[in-house]
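The values are calculated or read from the model by the stated rules, or taken from the named source; none is laboratory data. For clarity, every value in this text was computed on a predicted model and none was experimentally measured. Quick reminder, even Gly has a Cβ in these numbers, built from the backbone with ideal geometry, and neighbours come from all protein chains shown. For the accessible areas, the whole protein counts, side chains as well, though only heavy atoms, and no ligand, DNA or RNA atoms are used. Shrake-Rupley method; radii C 1.70, N 1.55, O 1.52, S 1.80 Å.
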Amino acid sequence: MISYNEKGDGVRQKKRIVLGIGMICTLMIATVYMSRFTHIIAEKEWKVLNGIVVVLDPGHGGKDGGAQSGEIMEDEINLTIAFQTKELLEQAGAQVILTRDGDYDLADKGAANRKRQDIRKRMDMMNAEDVDVFISIHLNAYPNPKVQGAQTFYNEKDEASKEFANLIQNKLKVLTKSKMTSKPGDFYLLENAKTMGVLVECGFLSNPNDRALLVKEEYQKALANVLYKSIKEYFDFLM
Ligand SMILES: [Zn+2]
């Protein structure tokens, strides 16, 4: 038999134990939650493009060298810029898919229409479900050698593509000191894109000034930096 007071003490003691366990549990949950939260902040700071999937499409390749000036081939420069952009994007946490990583096109051996099959296969890679953005990288050429500058083309039916193109074009204007503006492009890739993306003509191989810059590694890196920074800015704003 226990007295009323002893009974009261026992209940109070039990309450204190339950309260203590409750506090320990709360502290443990809070610690785990906070450590996760800190982890997310750290990743956001250092890897701003985590979870973003980018398709970079270096135009042409294989038998189709694209625009040409003497020994200088468009497809080679496109590929170099794509590699440099890929490196920057991956450092920022993005997953990067290249439509080609060497001197070849995507058409099957003996394809009846190589060009069409090549473009369709690139299109399929860009339109894959998990892709967030694509950039098709090209160089231009024009009969009048005075025409120069870099220009971004967007999908007219997609407001996001236009916005992204303007972001790139503004940076290209600073780099190239060109007055060119972004434009809707009537390219198969843009017109059939289900994913948001643009086509960038990085300069004219037919213009002596552009050509002299486009072959320089330093300038190719500056172009890659424009593409990287535009992607970073676009997705950092959305996140
Ligand atoms: Zn091209």
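Computed values, structure above
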read-out: Members of region 56-80 found to be more than 10 Å from the ligand (Cβ to nearest atom) and in contact with a Pro (Cβ under 7 Å, 6 or more places away or on another chain), listed by number; value: Leu79
read-out: Qualifying residue in region 135-152 (condition: over 20 Å from the mean Cα position of the chain (by Cα), more than 15 Å from the ligand (Cβ to nearest atom) and either at pLDDT below 95 or on the phi > 0 side of the Ramachandran plot (or both)); value: yes
read-out: Verdict on Asp186 being open to solvent by less than 20 Å² (accessible area, probe 1.4 Å), more than 13 Å from the chain's Cα centre (by Cα) and on the phi < 0 side of the Ramachandran plot; value: no
read-out: Lone qualifier among Asp118, Asp75, Asp108, Asp103 - being at pLDDT 95 or above, among the acidic types (Asp, Glu) and in a loop (DSSP other than H, G, I, E, B); value: Asp103
read-out: Qualifying residue in region 57-69 (condition: surrounded by fewer than 15 Cβ atoms within 10 Å (Cβ to Cβ), assigned to a loop (DSSP other than H, G, I, E, B), out of contact with any strand residue (DSSP E or B) (no Cβ under 8 Å at 6 or more places or on another chain) and in the same structural domain as Leu223 (by TED's automatic domain parsing)); value: yes
read-out: Scope region 223-238; condition of a type outside the set (D, E, K, R), touching a helix residue (DSSP H, G or I) at 6+ places or on another chain (Cβ under 9 Å) and surrounded by fewer than 17 Cβ atoms within 10 Å (Cβ to Cβ); matching residues; value: Asn225
read-out: Verdict on Phe153 being part of a strand (DSSP E or B) and of a type in the set (Phe, Trp, Tyr); value: yes
read-out: Residue match in region 117-130 (condition: of a type in the set (Lys, Arg), more than 19 Å from Phe235 (Cα to Cα) and open to solvent by less than 10 Å² (accessible area, probe 1.4 Å)); value: yes
read-out: Residues that are surrounded by fewer than 20 Cβ atoms within 10 Å (Cβ to Cβ) and under 22 Å from Cys202 (Cα atoms), drawn from region 97-116; value: Ile97, Leu98, Asp101, Gly102, Asp103, Tyr104, Lys115
read-out: Condition check for Ile137: buried (at least 23 other Cβ atoms within 10 Å of the Cβ), touching a residue at least 40 places away in the same chain (Cβ under 8 Å), among the β-branched types (Val, Ile, Thr) and in a helix (DSSP H, G or I); value: no
read-out: Verdict on Ile97 being within 13 Å of the ligand (Cβ to nearest atom), modelled with pLDDT of 95 or more and of a type outside the set (Asp, Glu); value: no
read-out: Tally, over region 183-202, of residues that are within 13 Å of the ligand (Cβ to nearest atom), modelled with pLDDT of 95 or more and of a type in the set (A, V, I, L, M); value: 2
read-out: Listing of helices (runs of 4 or more DSSP H) fully contained in region 166-239 that carry 3 or more residues being acidic (Asp, Glu) and assigned by TED's automatic domain parsing to the domain that holds Gly65; value: 217-238
